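Quick notes on the structure that follows.
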Amino acid sequence: MHKVILASKSPRRSELLKQIGIDFEVMVSDKEEVITSNIPGEVVKELSYQKAMDVKENYCKNNACDCIIIGADTVVAIEDKILGKPVDENDAVNTLVSLSNKAHDVYTGVTIVVKTNDSESVDTFYVKTKVYMYDNSKEELEAYVKSGEPMDKAGSYGIQGLGAKLVEKIDGDYNNVVGLPVSEIYQRIKQYL
């Protein structure tokens, strides 16, 4: 049985892995992230790979390596332009105004490293979900930003919280929007659990 390590400090990702019954521990990469692309799907794949490989190097340095390491990174993009986390409340409101009454994409890149003492496999992919926002008034968006919820989230909203009221519908994996496409991950690692 492989030990599962989540290479992310995100409480949302931890909750999603727990939800599907996976026992794991968290180990966070502190390596500086390097992006060589501006294509959203490629960016999240690069970042998830860097996180997973850094954790693998650190974990396997002093431990027998019979583990599955899951690295992940999520971005929100509108017309292939990546929207980061807001720098302040004004930035969050402006981002939400730009998303209002439009569709945007949420990309989560995942890298799964399956490591044993004598073998290693690396699987890197991304999942994309289209999110459609209601035509939300600026006043509604300002009130939402005042809640503080959007301040640490890509795209300035959390679909799993108060931000759910801003979303009309999605096309794709809901959990991907939260931050981790757990059903896809499970299908790829179930043979090792």
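The values are calculated or read from the model by the stated rules, or taken from the named source; none is laboratory data. For clarity, every value in this text was computed on a predicted model and none was experimentally measured. Counting neighbours? That spans all protein chains shown, and the Cβs are built from the backbone with ideal geometry, glycine included.
For the stretch 78-93, give me each residue that is closer than 12 Å to residue 155 by Cβ and assigned to a helix (DSSP H, G or I).
Correct list: 91, 92.
Which residues, taken from the stretch 94-123, are within 30 Å of residue 151 (Cα to Cα), among the hydroxyl-bearing types (Ser, Thr, Tyr) and not in a strand (DSSP E or B)?
95, 98, 100
Residue pairs, Cβ under 7 Å, 6 or more apart or interchain, first in the stretch 1-27 and within 16 Å of residue 187 (Cα to Cα), second modelled with pLDDT of 95 or more and among the acidic types (Asp, Glu). List them.
4/23
Filter the stretch 76-97 for residues that are surrounded by fewer than 19 Cβ atoms within 10 Å (Cβ to Cβ) and within 15 Å of residue 126 (Cβ to Cβ); which is modelled with the highest pLDDT?
Filtering first and then ranking leaves 82.
From the list 71, 41, which residue is part of a strand (DSSP E or B), in contact (Cβ under 8 Å) with a residue 40 or more places away in the chain and of a type outside the set (Ser, Thr, Tyr)?
71
Could you please give the count of residues in the stretch 109-128 that are surrounded by fewer than 21 Cβ atoms within 10 Å (Cβ to Cβ), of a type in the set (Gly, Ala, Ser) and over 17 Å from residue 3 (Cα atoms)?
Total satisfying the criteria: 0.
Checking residue 168 against (1) touching a helix residue (DSSP H, G or I) at 6+ places or on another chain (Cβ under 9 Å); (2) of a type outside the set (Phe, Trp, Tyr); (3) farther than 20 Å from residue 87 by Cα, only one condition comes out false. Which one?
Only one criterion is unmet by residue 168, namely (1).
Among the residues of the stretch 146-166, write down those that are in a helix (DSSP H, G or I) and exposed (fewer than 15 other Cβ atoms within 10 Å of the Cβ).
Scanning the stretch 146-166 gives 146, 152, 164, 165.
Could you tell me which numbered condition residue 54 fails, if it satisfies all but one of (1) over 21 Å from residue 189 (Cβ atoms); (2) part of a helix (DSSP H, G or I); (3) not β-branched (Val, Ile, Thr)?
Here residue 54 clears every test but (1).
Filter the stretch 124-143 down to residues that are assigned to a helix (DSSP H, G or I) and under 13 Å from residue 100 (Cα atoms) and give me whichever is farthest from the chain's Cα centre (by Cα).
139
From 102, 115, which residue is of a type in the set (Lys, Arg), modelled with pLDDT under 95 and in contact with a strand residue (DSSP E or B) (Cβ under 7 Å, 6 or more places away or on another chain)?
Selected residue: 115, the only one of 102, 115 that is of a type in the set (Lys, Arg), modelled with pLDDT under 95 and in contact with a strand residue (DSSP E or B) (Cβ under 7 Å, 6 or more places away or on another chain).
Identify, by number, the condition in (1) more than 23 Å from residue 13 (Cβ to Cβ); (2) among the hydroxyl-bearing types (Ser, Thr, Tyr); (3) exposed (fewer than 14 other Cβ atoms within 10 Å of the Cβ) that residue 100 doesn't meet.
(3)
Does the stretch 57-66 contain at least one residue that is at pLDDT 95 or above, out of contact with any Lys or Arg (no Cβ under 9 Å at 6 or more places or on another chain) and in a helix (DSSP H, G or I)?
no
Among the residues of the stretch 118-150, write down those that are in contact (Cβ under 8 Å) with a residue 12 or more places away in the chain and farther than 26 Å from residue 182 by Cα.
Within the stretch 118-150, 134, 135, 136, 138, 140, 141, 142, 144, 145, 146, 147 qualify.
Only one residue in 173, 135 is modelled with pLDDT of 95 or more, loosely packed, with under 15 Cβ neighbours inside 10 Å, touching a Ser or Thr at 6+ places or on another chain (Cβ under 7 Å) and not β-branched (Val, Ile, Thr), so which one is that?
Within the list 173, 135, the selection yields 135.
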